[in-house]
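Laboratory data are not the source of any read-out in this text; all were calculated from the coordinates shown. As the structure is a computational prediction, the values presented were derived from the model and not from experiment. All Cβ positions, glycine included, derive from the backbone under ideal geometry; neighbour counts span all protein chains shown.
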Amino acid sequence: MPAQPAQDPITSKSLSFHLLLWSFLLILSLAWALYDEMYGLRPWRSYQKRFIEAYSSYLQREIPKQQQAEQSIRSSPEYQKLEAQWKAAEAAVAPRLSEIDGEINRINRRLGVLTPVFQEARGRVAALVYQLEIARADDRQSRLREVEQAKQQTYSLSLPGLKGDEVEPVQLSYTDLELEFNRLKDRKAALVAERAAVLAEADALRRQLESYFSEKLAGLTGQQLQGLLRAVNNLDVRIRQIHNESAGLVDRCQSCHIGMDLSLVPPNLTLTKAELNLEGNPDAPFSSHPNIELLRLHDPDRDPAKALERIGCSPCHGGNGRATSSVVKGHGRHKYWLWPLYYRENFEAGCQMCHAQDMVLDHAPVLNRGKELYRERGCVGCHRFEGFDNEAEQLLSARQRIRQLEQQKREYEQEIARLQRRADDPATPLEVARQLNERAASLPVVMSQLDAEIEQLQQRTVSLMREEKKVGPSLKEVRVKLKKEWIPYWLANTHEFRPDTKMPQFRLEEGEIQAISAFIWQMGLPGPLEKQPRGDPARGKQLFETRGCLGCHSIGEGANKIGGDFAANLSRIGEKANYDYLVRWIYNPRQRTRPYDPIAKKDLGPGDYAKHGKPFVFDLKNSRSPDGKHELVVMLPTVMPSLRLTWQEARDIASYLITLRRSDANYPPAPYLDDPNLRERGRELVKFYGCAGCHEIATLEEEGRIGTELTNEGSKPVDRLDFALLTHNAKRGILPDGSPSPRGKWYDHKGFFEQKLANPAIFDQGKYKPDPRDRLRMPKPNLTPADINALTTFLLGSVDPQVPNDLLYRPEGARKDIQDGWWIITKYNCMGCHQIRVGQRSALQDLPQYQGPNADKLPPPLFGAGARLNPRWLARFLENPALSETDIHRNGVRNYLEIRMPTFYLSDNEIRKLVRFFEALSAQERPFIPPVIQPLTEAERTMARDLFTHPAAPCLRCHATGDPAHDRNATAPNFLLAGERLRPPWTQRWLLDPARMIPGTAMPSGLFRREGERWIFAGPLPASLRNYRGDHAELLVRYMFLMTPAEQRLLISRSPRATGASTGGNE
Amino acid sequence: MWGDWYQLWEIVSAPDNVPIVALLFLVPFYTWYAFRQAFETDRLIEQLEKDPQLAKTHHRKTHAWQPGWPREVHTWPYLMRVEFLAAIIVTVILTVWSITLNAPLEEPANPNLTMNPAKAPWYFLGLQEMLVYFDPWIAGVLMPTLIIIGLMVIPYIDENPLGNGYYTYKQRRFAIWTFLIGFIGLWVIMIVIGTFIRGPGWMWFWPTQTWDHNRLVFEVNRNLHEWWIFKHIVPQNIWAWTVFGAIVVGLYFAGAAYLIHRICMATEFSRKIYRRMSLLQIVTMQILLILMLALPIKMLLRLVFRIKYVWVTPWFNV
């Protein structure tokens, strides 16, 4: 018990100190709350204030500079001259102008007095007329009288006169007022029109002056900058948001990233940290958008501000557009925001959400590379991705559709029978019977329409069977193609043998390798394979380097590597390949050892053909099964084209390639490959590891993909990504090797994709899996960090779209054709040899043998090819680039090039898509209707001949003629092709300025000069043309399109020989 | 993984868990504080009872009245000023708390994805924890209803007039212990378990053990009739299980009722109070207390002996 106090503890104790202390703390916390409310929760306030400071000081620095620039333009002689002209023109019309202005002034004065009186009178009359209109019949007369009286009523005014300052007092009735009013108005309109006419010349000069000024001045004028400065100094510090109601989009990013506000920083002003003197400051989000062109692209009117209004920021960049309370929340980089801001190196992922259907996108090189890798590296062999390698799926659905249509046809047949039965029934009334008969008669027409669709679908299935490719080579050919003992070595040491191969390294035990090798070997087809004599390796090397192999293949190891990385590096091909097969492969890579029957699911041998009494012949022309019932797969599923080499050339190249080997190459013998006991285990393993995703393997042709679908992988909840035992380290920013992660926590999609791609087995770390088949199956691709980043970007962007459908890029018409075309262009690596996108380089362009003057040995760039080429010709050319059935070992157009346009054995469907692609890229209307070429008169023909053979423009010096002696030095195509190959409007534009279309072309520019409405030859005019009034370029085009072999022979006899002294080379 | 202090820090520092961390300190403190006051009052009562003269005039809770002290103390200012001070302190605490910790809004709801562990708000964690031990309709419907009814009937059962307006232990021993067991022993402890102990998969993680989503534990829960010697005794037949369970539960009811009765009859004071109660009051109190006691017993059976159900019937399981 506590001691009894002397004083009452309740009344004697003072609480003053506690009350004082806590009241003080209360005030303090209130102050804190207020500060938090103003700044703590609203960091954008301080950002905006800092922006105002930085931007206005930038503008203040900029304005004098710009004014100085303006001054220097104003003082330039051209400007002065234009200004003087303008002033002179104004002075010339000044007297008349002042007359007109004086009269207009006087009219205005007079109208000023007249108008109010007239309007009042008109109001009174109009009201009375209304009363008259609604009056009863008996009242009408009196109402009419009232109107008449009102019209007669006079008004007295003092109107200023039209001559001078005199005032004329008048008495006018309503009718007179109206007349005078209209007269003055008409006169004034006439005077205004006259004024404009008088000033027209001076105005034109003024506009010229202004446009000269704005052209010379880069950026904004000092006045405009002053306006911006005023705007920024009076800036209202508030939340700045983009609100697209229909898209449910609210983006407040500009509250901090205020430099992105296009009303403050116009599109032609670029703000960077350096310009704002904030370089090195990590917390200064004031730059303007670094790629305004990208914004322009996203608006039909190319207005960047409208694009921003519609799309906002977060749909592309990720992040939480609504959040304003902190950087972390705005960027959405916390575990509760599912769409965090993409990191700088992955920002192109934002394109993928809307552009998932595009294989190639401008402004997105990393994403393009990711997609390219996804296809080329065979990710698609295991992981389905919407749009990638979907030929098999399309084939399935086409076949299903055919079945449906046939079923429908059968139903129609039954329907016809039923209708006729009912019509024939005597109980049916005549009229009804007639209708039934009519319907029965119309159904066969409907059925024939179905037949048309079925026929198209069947064409399509044939196309699709041809289009279906595999990433890896067909393993049915291993027995004829490979050295036996190399196979197990390859499986165990994939990347040691060829570091940049598409084949990933599988995690296999020794026993598994033996079983897989044995299965593959034993399932290989035995032949037949023709024996080939040896060729000349030196010539082979030369052919290999000039025919175009290096557009896709690379050669040389490490730093010595040259060539494209689309196909295999051939540096050690001699260690693995069988010479005889190599010759056949180079001659025609699509040549199968045996055709595959997709219905019977077997490879057909000579015996199967003999059963039907047919020779063992199969190619694109003999592609039916021996029983003639269905199509066979007659080509290997490779994208490698035929270069239309002769057998001797193929032997030479093969003889060269077979020498490419390391001198110490030695593989242990592998007798177990013939052990039949291993086969079944091998089959299980091959199925288990999904080898058939990339390779054609006998008996496993129909195997599906074994991996997870990745179409929406970026949207997968992060909990469903199997970080396994690394989960906790990922959440704490510790990398699998124990080092700290540079960006902290990596428990997110980016972290998962990056680690998985660097080492797919990493998530088995620490797991106890004694059975290899329990381990993660994904093999290791040998990717560079840049490639890992590209694939990560692609996967990060592969999300379930969060924006409304109308924002997604699902184009139709020409844009769809472009979209479709890129899939084929990238599938066959057209860009390995050709330039198709402006600014893109082909693999060949970087080779040493095409540098400097040798650049004209390169294949032609395809800029504007759709505007250049006749689509029907283009289709024919793509189908057969030799443009000949018999003389196939040549280029159809540019026979003078050593490099050869290969035959890709494209399907009809692919050719159609490619032709449409090129037309769409050049904005050509479809279908193509060839313009009518006016026939030449005899005089015109003479003139054209003179131009053609003019010493200042000897066309036939460079253009091929078909004469081998002449063509040896030719650098441009034969004119005989022009008529069917080219489009006349393009040809005319080409003649006028070829360098503009294809920079660096050998075709000279400036051959013609403008004279009034026509183009005339720029050199000394031949006598025949002096009196010609027509367009010279147009005349030449007509002549060219009507060229005949006889005409060409005539020209050859008249022109100098080709000398080959040209630089660059196209057209 | 043991000794994972980072894990513990993650749980303790989560904004959701601030009230529970505070609870860990505040509940023991106020329990201790209340008991100190109660014991002081008890001593005062003893002192006053010795001096009937003093008893008639006392108005203080801890000190006997003394000459010279005011006989009465006014609400204003003596009570109001203390309450005012308390109001200021609470306001300061709440202000600072609300500035420094924002409401933990999480990601938009996704019907395709359940978070793991999915936890109820902290004040319902006790109910969620009960789901481990009983079927949902018992833990989620019956028990909460009984808790509410039980709280409602307290004034009708507890007619002991003593202890109103002052802290005392001696005069309200039974009520205090019932409260301590029911609120702190069951409700608070279950909230603490739900917050700190239950991790992914609602598995039992000791503090500083890593919350591993991939953790696997081997636990087999059996019904009572499959356990120990009972599996040899009870026939494998649902009706036998029903009868067996009914017997066990009946035995528990009888035993618990006897125990409670013995506790009520323990002291002269409580006997006095007990005798004053009507039969209805006694029965109601017995049932509520028996059911309350069933919870820790079931928890014990489940956690220590891995017993799933005691009473299996075709209609319900307990």
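Only Lys, Arg, Asp and Glu carry charge here, each on its Cβ (+1 for the first two, -1 for the last two); on that basis region B:81-205 has a dipole of about 400 debye about its Cα centre.
So what is the relative contact order for region A:198-321, in percent, with contacts set as C-alpha pairs under 8 Å and at least six apart? Relative CO of region A:198-321 lands at 21 percent. Going 7 Å from the Cα of B:V18 in the Cα-to-Cβ direction, what parts of region A:20-48 have a backbone nitrogen less than 16 Å from that spot? Output list for this probe position: A:29-30, A:32-34, A:36-37, A:41. Between A:N493 and A:Q60, the contour length at 0.36 nm per residue exceeds the alpha carbon distance by 149.4 nm. Phi angles across region B:157-174 convert, under the Karplus curve 6.51 cos²θ - 1.76 cosθ + 1.60 with θ = phi - 60°, into 3J(HN,Hα) values of 8, 7, 9, 5, x, 6, x, 7, x, 8, 7, 8, 9, 4, 7, 9, 3, 4 Hz, Gly and Pro given as x. Principal-axis analysis of the Cα atoms of chain A puts helix A:908-921 at an angle of about 30° to the longest axis. For the pair A:K745 and B:F124, label points projected 7 Å from Cα toward Cβ lie 2.5 nm apart. The angle separating the long axis of helix A:137-152 from the principal Cα axis of greatest extent in chain A is about 70 degrees. Legend: mean number of C-beta atoms from other chains within 10 angstrom of residue C-beta atoms, peptide A:102-111, equals 0. Taking 0.36 nm per residue of sequence separation and removing the Cα-Cα distance, the A:S884/A:D619 pair yields an extension gain of 93.6 nm. Which of rounded, prolate or oblate describes region A:384-487 when judged by the alpha-carbon gyration tensor and an a/c cut-off of 1.5? Prolate is the answer for region A:384-487, as a/c is 1.5 or above and a/b outweighs b/c. For region A:833-962, the ratio of Cα radius of gyration to the globular rule of thumb 2.2 N^0.38 Å stands at 1.26.
Straight-line cross-link reach from B:K231 at under 28 Å between alpha-carbon atoms covers these lysines, not counting any fewer than eight positions away in the same chain: B:K298, B:K308. The ellipsoid equivalent to the alpha-carbon distribution of chain B has semi-axes of 42, 33, 16 angstrom, derived from the gyration tensor eigenvalues as √(5λ) and listed largest first. Using 0.36 nm per residue and subtracting the Cα-Cα separation, the extra length available between B:W204 and B:R275 on full extension is 21.1 nm. Spin-label model, A:V328/A:A126: points 7 Å from Cα along the beta carbon direction are separated by 6.9 nm.
Each of A:W339, B:W204, A:I63 was scored by the projection of its Cα onto the charge dipole of the protein assembly as shown, and the greatest displacement toward the positive side belongs to B:W204; charges sit on the C-beta of Lys, Arg, Asp and Glu. Ordering of B:86-96, A:970-980 by packing is A:970-980, B:86-96, highest average first (other Cβ atoms within 10 Å, averaged per residue). Summary value for chain A: 10 percent relative contact order, contacts being C-alpha pairs under 8 angstrom separated by 6+ residues.
Region B:1-33 and region A:245-293 have Cα centres spaced 44 Å apart. Simple spin-label estimate for A:E245 and A:A200 gives 4.8 nm between the two label positions (7 Å along the Cα-to-Cβ direction from each Cα). Counting Cβ atoms of other protein chains within 10 Å of each Cβ in A:726-736 and taking the mean gives 2. Other protein chain C-beta atoms within 10 Å of residue C-beta, averaged over B:71-83: 2. Cβ under 13 Å from A:N712's Cβ, A:N712 left aside: what net charge do those residues give with Lys, Arg +1 and Asp, Glu -1? Value of the local net charge: -1. The ranking of A:L179, A:L457 from fewest to most other beta carbons within 10 Å of each one's beta carbon is A:L179, A:L457. Between B:N17, B:N160, B:N237, the GNM of chain B built on Cα springs shorter than 10 angstrom shows B:N237 fluctuating the most. Pairwise Cα distances in chain A exceed 61 Å for 34 percent of all pairs. Separation of region A:329-372 and region A:799-825 by C-alpha centroid, Å? If we compute the Cα centre of each part, the gap is 16 Å. The convex hull around the C-alpha trace of region A:331-420, projected and averaged over every direction, spans 10.6 square nanometres. With r defined as the distance between the Cβ atoms of A:R661 and A:K531 and R0 fixed at 35 Å, what FRET efficiency is calculated, to the nearest 0.05? Calculated transfer efficiency: 0.95.
Taken over the C-alpha atoms, region A:728-806 has Rg and Dmax values of 14.9, 52 angstrom. Highest average first, the peptides A:351-362, A:660-671 ordered by how many other beta carbon atoms sit within 10 Å of their residues are A:351-362, A:660-671.
Between the beta carbons of A:R230 and A:R1010, assuming R0 = 45 Å, the FRET efficiency works out to 0.45 to the nearest 0.05.
Note: relative contact order over chain B, using C-alpha pairs below 8 Å and six or more positions apart, is 23 percent. Compare B:F84, B:F196, B:F134 in a GNM of chain B, Cα atoms joined below 10 Å, and give the one with the largest fluctuation. In this elastic network of chain B, the residue with the biggest mean-square fluctuation among B:F84, B:F196, B:F134 is B:F84. Residue by residue, region B:129-137 carries 3J(HN,Hα) couplings of 5, 4, 4, 5, 9, 10, 5, x, 6 Hz when phi is fed to the Karplus relation 6.51 cos²θ - 1.76 cosθ + 1.60 (θ = phi - 60°); x denotes Gly or Pro. Taking a point 7 Å from the Cα of A:V237 along the Cα-to-Cβ direction, the residues of region A:34-70 with backbone N closer than 19 Å to it are A:34-58. Legend: calculated FRET efficiency, B:V249 to B:I149, from the Cβ-Cβ distance at R0 = 30 Å, rounded to 0.05, equals 0.90. Across region A:500-631, the volume of the C-alpha convex hull divided among the residues equals 173 Å³ per residue.
Taking the inverse of the mean 1/r over every pair of distinct Cα atoms in region B:24-123 gives a Kirkwood hydrodynamic radius of 19.0 Å. Computed 3J(HN,Hα) for region A:737-753, one whole-Hz value per residue from the Karplus formula 6.51 cos²θ - 1.76 cosθ + 1.60 where θ = phi - 60°, is 7, x, 7, x, 6, x, 9, x, 4, 10, 7, 8, 4, 4, x, 5, 4, glycine and proline marked x.
Ranking of A:I134, A:I239 by neighbouring Cβ atoms within 10 Å, starting from the fewest: A:I134, A:I239. Rounded to the nearest 10 degrees, what's the angle between the helix A:785-797 long axis and the longest principal axis of chain A, both from Cα atoms, 0 to 90? For helix A:785-797, the angle is close to 60 degrees.
Taking the average, over residues, of other Cβ atoms within 10 Å as the packing measure, peptides A:207-215, B:212-220, A:313-321 rank A:313-321, A:207-215, B:212-220 from highest down. Within straight-line reach of A:K13, meaning a Cα separation under 27 Å, sit the following lysines at least 8 residues removed in sequence or on another chain: B:K56, B:K61.
The separation of region A:48-107 from region A:1008-1055, counted between C-alpha centres, amounts to 48 Å.
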